1. Return only the number of the condition from (1) within 16 Å of the ligand (Cβ to nearest atom); (2) more than 19 Å from the chain's Cα centre (by Cα) that Q177 does not satisfy.
2. Does segment 176-199 contain at least one residue that is part of a helix (DSSP H, G or I), in the same structural domain as S104 (by TED's automatic domain parsing) and in contact (Cβ under 8 Å) with a residue 40 or more places away in the chain?
3. Looking only at residues that are surrounded by 24 or more Cβ atoms within 10 Å (Cβ to Cβ) and of a type in the set (A, V, I, L, M) in segment 46-60, which one is farthest from the ligand (Cβ to nearest atom)?
4. From the set of residues in segment 89-126 that are over 14 Å from the mean Cα position of the chain (by Cα), within 16 Å of the ligand (Cβ to nearest atom) and part of a loop (DSSP other than H, G, I, E, B), which is surrounded by the fewest Cβ atoms within 10 Å (Cβ to Cβ)?
5. Look at D129 and say whether it is of a type in the set (D, E), under 20 Å from the mean Cα position of the chain (by Cα) and within 16 Å of the ligand (Cβ to nearest atom).
6. Somewhere in segment 123-132, is a residue in contact (Cβ under 8 Å) with a residue 60 or more places away in the chain and either β-branched (V, I, T) or on the phi < 0 side of the Ramachandran plot (or both)?
Amino acid sequence: MAGDRSTGRRSRLIAGSVFVALLVLPFPAFGQEITGPAPLVIDPPPGTIALTFDDGPFDVLTPLILEILDRYDIKATFFISTYRLPHNADLIQEILADGHSVQSHGHHHDRLPNKTRSEIVEEVQTSIDLIEAAGAPRPSCFRPPYGATNEDVFSVADELGLEIVLWTVNSADTFYQEPDGIIESTLALAAAGDVVLMHDHWASALEIALPIVIESLLERGVGFGPMCVPVPGEPKGVAPSLSRVMSLLAG
Ligand SMILES: [Zn+2]
């Protein structure tokens, strides 16, 4: 009865393979939606500009910026300097409640290339922990302070699952004390596809400049959207059916 033994061995092999497949398949398996990471908005979608606000939250300027963004129904991205938390953690909730994206700008706002790799890990991981502790989703993106990077900064971001996001247009709001400089710096360069750097802890001139910048860009026909959030409408993957797995194993 050599044939029976052979058939029995093959059955056990298939059964064993199915067991291994069940262990390695993502959960929930078999025909249900995979809840893994969805594709993120890293570049502004066609026809849009991403407004980004660094260094906050700041209890004076952040609420004013939120009010302006709400007035025009614009969603933006806030790169948080987490040394300001937990004191200003309630502002994180206000930013989230308005539908904006909350991401990491590190903890101490230090120039990271001056640090050791383990110090960089500490800086970035601390910022992730404090953002989550403030009730926000784990950040997907990291903007290094001053835009300063080196190999260690890139590898730490990669290790912690963060995309590094810089900017393409600097509003110069940390330089100009008057709104005109901010308005001219931004409007001279900003177009669809740009990521605009602004700050919600710096010049009160931004309070006057921001509505003028937004209205001018709206007149040019561009829209605005948040970064580092799941791409809207992106279909989620579906796990293979049990019969599909069985046919693959049998074949
Ligand atoms: Zn900064």
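1. Here Q177 meets the rest and fails (1).
2. Checked segment 176-199: no residue is part of a helix (DSSP H, G or I), in the same structural domain as S104 (by TED's automatic domain parsing) and in contact (Cβ under 8 Å) with a residue 40 or more places away in the chain.
3. Here the answer is I49.
4. R111
5. Criteria not met by D129.
6. Within segment 123-132 (the criterion being in contact (Cβ under 8 Å) with a residue 60 or more places away in the chain and either β-branched (V, I, T) or on the phi < 0 side of the Ramachandran plot (or both)), the answer is no, since none of the residues qualifies.
Residues checked against (1) of a type in the set (D, E, K, R); (2) under 24 Å from the mean Cα position of the chain (by Cα); (3) at pLDDT below 95; (4) closer than 16 Å to E207 by Cα:
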{"site": "L13", "(1), (2), (3), (4)": "no, no, yes, no"}
{"site": "F30", "(1), (2), (3), (4)": "no, no, yes, no"}
{"site": "A50", "(1), (2), (3), (4)": "no, yes, no, no"}
{"site": "F53", "(1), (2), (3), (4)": "no, yes, no, yes"}
{"site": "F58", "(1), (2), (3), (4)": "no, yes, yes, yes"}
{"site": "E67", "(1), (2), (3), (4)": "yes, yes, no, yes"}
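The values are calculated or read from the model by the stated rules, or taken from the named source; none is laboratory data. Since the model is a prediction, treat every value here as computed from it, not as a measurement. Cβ coordinates were reconstructed from backbone atoms using ideal geometry, including for glycine residues, and neighbour counts include every protein chain displayed.
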